[in-house]
Amino acid sequence: MIDVKNLSKSFGHIHVLKNINEHIYPGEKVVIIGPSGSGKSTFLRCLNLLETPTEGTISFEGTVINDPKTDINAIRRQMGMVFQHFNLFPNMTIRKNITLAPVQTKRMGQEEADETALKLLERVGLKDKAEAYPNQLSGGQKQRIAIVRALAMKPKVMLFDEPTSALDPEMVGEVLDVMKELANEGMTMVVVTHEMGFAREVASRVLFMDGGNILEQNTPQEFFANPKEARTIEFLSKVL
Ligand code: ADP
Ligand code: MG
């Protein structure tokens, strides 16, 4: 589904991603872990061109998305993204937040979009919040709404960048539960997280990033039981 070839990214003279080669297959749940500053967010943001690669190519279903001839907005509609800080529009109701993109991109009329929004809200237990505003919700509720908003576009893949890192501890579980359900339904997912329990339980593959490289990757069973690189062992000793 996503094919990353010789991806490098620099900010000025800081070399943040160093010649990364990676494939994401349909239905995979790839969990990316690694120390702060190792390039996890930059890598994820390159996948939907929120960051422009300095070198290399990113393909989505065979289309090179960093080719200037590619309609990147058409590609982005198929890639949902959820950030650490929700990024909901504060001046719009939850229903409007969710239906804005499907309606504006003419994927749906308002009525169909409303119907879809309510169904999705029901699935995450927040149907009664449709007419509320973001500041009336808890962090965990806001993040569940952010997930619903991304799903409303019927994406083929969901990218998550530390979706639970800004939440109070008691709200982490409700967001991870929604993500687990999504995983069980077969969604292709790429998730940057520090939640090792989620990685163990949900990942089909764990990638460990360090210093702008994918240093090591494996199934969660193998990865956690037999990490190979010294940096991986050191990192795991701090987070487990
Ligand atoms: P992680 O998500 O693993 O913590 P990031 O991808 O956010 O790492 O950042 C990797 C490195 O790139 C860091 O050194 C960070 O300071 C740098 N970086 C990220 N974004 C920018 C930017 N827009 N401008 C300059 N440097 C950046
Ligand atoms: Mg990050």
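The values are calculated or read from the model by the stated rules, or taken from the named source; none is laboratory data. Because the structure is predicted, anything quoted here is derived from the model rather than measured. Glycine also receives a Cβ, built like all others from the backbone with ideal geometry; neighbour counts cover every protein chain displayed. We work out accessible area using only protein heavy atoms, side chains counted, and drop any ligands, DNA or RNA first. Shrake-Rupley method; radii C 1.70, N 1.55, O 1.52, S 1.80 Å.
Details
- Options 50, 7; residue that is under 23 Å from residue 193 (Cβ atoms) and open to solvent by less than 10 Å² (accessible area, probe 1.4 Å): 7
- Qualifying residue in the stretch 123-140 (condition: among the β-branched types (Val, Ile, Thr), crowded, with 22+ Cβ neighbours inside 10 Å and either within 16 Å of ligand 1 (Cβ to nearest atom) or in contact (Cβ under 8 Å) with a residue 12 or more places away in the chain (or both)): no
- Scanning the stretch 10-40 for residues that are small (Gly, Ala, Ser) and surrounded by fewer than 16 Cβ atoms within 10 Å (Cβ to Cβ) yields a count of 5.
- Failed condition for residue 86, given (1) under 16 Å from the mean Cα position of the chain (by Cα); (2) assigned to a loop (DSSP other than H, G, I, E, B); (3) within 14 Å of ligand 1 (Cβ to nearest atom): (3)
- If you go through the stretch 111-151 and pick out every residue that is touching a strand residue (DSSP E or B) at 6+ places or on another chain (Cβ under 9 Å) and not charged (D, E, K, R), you end up with 5.
- Qualifying residue in the stretch 58-72 (condition: open to solvent by less than 50 Å² (accessible area, probe 1.4 Å) and either within 16 Å of ligand 2 (Cβ to nearest atom) or touching a Phe, Trp or Tyr at 6+ places or on another chain (Cβ under 7 Å) (or both)): no
- Scanning the stretch 76-99 for residues that are open to solvent by less than 40 Å² (accessible area, probe 1.4 Å) and not polar (S, T, N, Q) yields 79, 80, 81, 82, 86, 88, 94, 98.
- Taken over the stretch 197-222, residues that are surrounded by fewer than 17 Cβ atoms within 10 Å (Cβ to Cβ), more than 16 Å from ligand 1 (Cβ to nearest atom) and touching a residue at least 40 places away in the same chain (Cβ under 8 Å) amount to 1.
- Comparison of 2, 14, 94 shows that the only residue that is in contact with a strand residue (DSSP E or B) (Cβ under 6 Å, 6 or more places away or on another chain), among the β-branched types (Val, Ile, Thr), at pLDDT 95 or above and on the phi < 0 side of the Ramachandran plot is 2.
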